[in-house]
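Quick notes on the structure that follows.
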Amino acid sequence: MSSAYQHDTPAAAGAPIGIDDLPIRPELRGKSPYGAPQIDVPVQLNTNENPYPLPAPLVARIAERVAEAARTLNRYPDRDALELRAGLAAYLNRTCQYPVGRENVWAANGSNEVLQQLLQTFGGPGRTALGFEPSYSMHSLIARGTGTGWVRGPRDEGFRIDRDTAVAAIAEHAPDVVFVTSPNNPTGTATPAGTVLAIYEAAQAAKPSLVVVDEAYVEFSHHDSLLPLLDGRPNLVISRTMSKAFGAAGLRLGYFAAHRAVVDAVQLVRLPYHLSAVTQATALAALEYTDTLLAYVEQLKAERDRLVAELRAIGYEVTESDANFVQFGKFADADAAWRKILDQGVLVRDNGVPGWLRVTAGTPAENDAFLEAVRALKKEQQA
Ligand code: PMP
């Protein structure tokens with residue numbers, strides 16, 4: 001048994017049973033679940049969370065709205081989440097000139113579920129999805145989980161998507177779904193609108209296929225959202241989340257904006273009543289506090305820019321970041337550097353990009369602790 005996930009079953013005498021002893025799908029055999037190490041240290045800057053807890057008045061408002069929802073918990077929730085989708089559309093409209101209505105917006109339990117529903121609808125057995133790597137590894141994992149083939153698209157040595165290389169890759173592989181993560185995780189790199197347009201055109205010529213722009217971090221970007229590109233492009237989807245800018249990773253609320261036909265299409269695979277009444281009530285309360293929450297985003301952007309400047313001053317290489325995290329290096333042994341930083345009580349992320357680590361922008365005090373740790377590491381490396 002090769003699986004790392006073996007369990008003794010009290011009832012069964014003899015050999016312990018592991019995942020690989022079960023009649024699971026062959027492509028899942030020997031694989032590990034996604035997840036960053038959860039280590040209890042004072043400074044946790046490894047999962048791109050917002051470090052600021054929700055403000056007390058919002059916590060009180062959530063309690064109020066959830067109490068209201070609780071009165072009818074004997075009933076199923078609004079299956080179409082109409083009020084919430086209207087609220088999300090209103091939020092998108094205030095930050096972007098391109099008008100979307102609630103019929104253009106779909107919501108689910110985190111953008112991971114949104115992406116899963118999109119792959120269930122537009123991917124699946126016999127179909128393929130392409131993403132430009134290194135990027136958010138859940139894209140390929142959700143592809144695997146939905147039986148969709150995965151094609152690794154290229155980024156250049158600066159982690160940018162080169163327009164011509166991208167177009168050539170799409171023409172070669174003719175994928176059914178294309179992912180563009182902008183700003184990209186783990187590198188922080190934004191992709192210009194012109195490149196996304198070229199990718200869209202290439203994807204339409206090759207198949208046509210669905211192009212999903214994953215804008216989980218766009219509120220932290222120096223650039224505008226690509227939402228206006230939706231105009232006249234029915235096979236384009238922009239996915240978003242309340243996990244980062246809204247500081248509500250625990251809520252599990254992701255959403256996308258697209259042509260209304262895409263919203264209709266995902267209804268074919270969504271589970272009925274997938275968004276609980278408690279989730280809908282909480283998300284609506286958070287939307288009422290958009291201004292307050294976006295003020296935290298401004299603070300985090302300033303801290304992100306400070307991290308970039310100070311890491312460079314210390315002597316590290318830094319990838320230009322449009323997200324709430326920074327990729328820094330280069331290390332001969334990134335895993336050893338990760339451990340040394342951890343030894344100083346600071347948890348960052350090794351995303352498996354050779355030579356690089358990623359740090360999430362935290363509070364000023366957390367960032368100071370991180371900078372102190374990497375300053376010490378640099379001194380040690382130079383000694
Ligand atoms: N997209 C990207 C690029 C991400 O980095 C993440 C979370 N790390 C997600 C989507 C998923 O976020 P959630 O499911 O919390 O909305």
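When we screen Leu357, Leu284 for residues that are touching a residue at least 12 places away in the same chain (Cβ under 8 Å), open to solvent by less than 10 Å² (accessible area, probe 1.4 Å) and of a type in the set (A, V, I, L, M, F, W, C), the only hit is Leu357. Of the residues making up region 323-333, those that are open to solvent by less than 10 Å² (accessible area, probe 1.4 Å) and farther than 15 Å from Leu371 by Cβ are Ala323, Asn324, Gln327, Gly329.
The residue of region 219-245 that is nearest to the ligand (Cβ to nearest atom), among those that are within 18 Å of the chain's Cα centre (by Cα) and without any contact (Cβ under 8 Å) to a residue 40 or more places away in the chain, is Ile238.
Is it true that some residue in region 246-253 is on the phi > 0 side of the Ramachandran plot, open to solvent by 10 Å² or more (accessible area, probe 1.4 Å), assigned by TED's automatic domain parsing to the domain that holds Pro77 and in contact (Cβ under 8 Å) with a residue 12 or more places away in the chain? Yes, region 246-253 has at least one match. You will find that of Thr121, Thr128, Thr148, Thr95, the residue that is more than 16 Å from the ligand (Cβ to nearest atom), closer than 20 Å to Ser243 by Cβ and of a type in the set (S, T, N, Q) is Thr95 and no other. Using the structure shown, decide if Ala295 is open to solvent by less than 40 Å² (accessible area, probe 1.4 Å), over 19 Å from Leu227 (Cβ atoms) and among the aliphatic types (A, V, I, L, M). Taking the combined requirement at face value, the residue does not satisfy it. Val326 falls short on exactly one of the conditions (1) without any contact (Cβ under 8 Å) to a residue 60 or more places away in the chain; (2) within 16 Å of the ligand (Cβ to nearest atom), and that condition is (1). Highlighted here are the helices (runs of 4 or more DSSP H) found entirely within region 251-314 that include at least 1 residues which are under 30 Å from Ala60 (Cα atoms) and not hydroxyl-bearing (Ser, Thr, Tyr): 277-288, 290-314. When restricted to residues that are under 20 Å from Val348 (Cα atoms), in contact with a strand residue (DSSP E or B) (Cβ under 9 Å, 6 or more places away or on another chain) and among the basic types (Lys, Arg), region 268-319 contains 2.
Total residues in region 133-145 satisfying the condition of being within 12 Å of the ligand (Cβ to nearest atom) and of a type outside the set (S, T, N, Q): the figure is 6. If you go through region 61-99 and keep only what is aliphatic (A, V, I, L, M) and surrounded by 15 or more Cβ atoms within 10 Å (Cβ to Cβ), you end up with Ile62, Val66, Ala69, Ala81, Leu84, Ala86, Leu88, Ala89, Ala90, Leu92. Within the set Leu347, Leu342, the sole residue that is farther than 20 Å from Gly315 by Cβ, open to solvent by 30 Å² or more (accessible area, probe 1.4 Å) and assigned by TED's automatic domain parsing to the domain that holds Gln44 turns out to be Leu342. Suppose the filter is in the same structural domain as Asp264 (by TED's automatic domain parsing) and in contact (Cβ under 8 Å) with a residue 40 or more places away in the chain; does Gln116 pass it? Against the criterion (in the same structural domain as Asp264 (by TED's automatic domain parsing) and in contact (Cβ under 8 Å) with a residue 40 or more places away in the chain), Gln116 does not qualify.
For Tyr316, state whether it is aromatic (Phe, Trp, Tyr) and open to solvent by 50 Å² or more (accessible area, probe 1.4 Å). Criteria not met by Tyr316.
Quick grid of which residues meet (1) open to solvent by 50 Å² or more (accessible area, probe 1.4 Å); (2) of a type in the set (A, V, I, L, M, F, W, C); (3) in contact with a helix residue (DSSP H, G or I) (Cβ under 9 Å, 6 or more places away or on another chain):
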residue	(1), (2), (3)
Gly101	no, no, yes
Leu118	no, yes, yes
Gly126	yes, no, no
Ile142	no, yes, yes
Glu172	yes, no, yes
Pro183	no, no, yes
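Of everything in region 170-201 that is part of a helix (DSSP H, G or I) and within 25 Å of Lys301 (Cα to Cα), the residue that is nearest to the ligand (Cβ to nearest atom) is Val196.
The values are calculated or read from the model by the stated rules, or taken from the named source; none is laboratory data. Note that the coordinates shown come from a computational prediction; the quantities given were computed from them, not determined experimentally. Here Cβ is always computed from backbone atoms with ideal geometry, including for glycine, and neighbour counts include all displayed protein chains. Accessible surface is based on the protein model in full, side chains and every heavy atom, while ligands, DNA and RNA are left aside. Shrake-Rupley method; radii C 1.70, N 1.55, O 1.52, S 1.80 Å.
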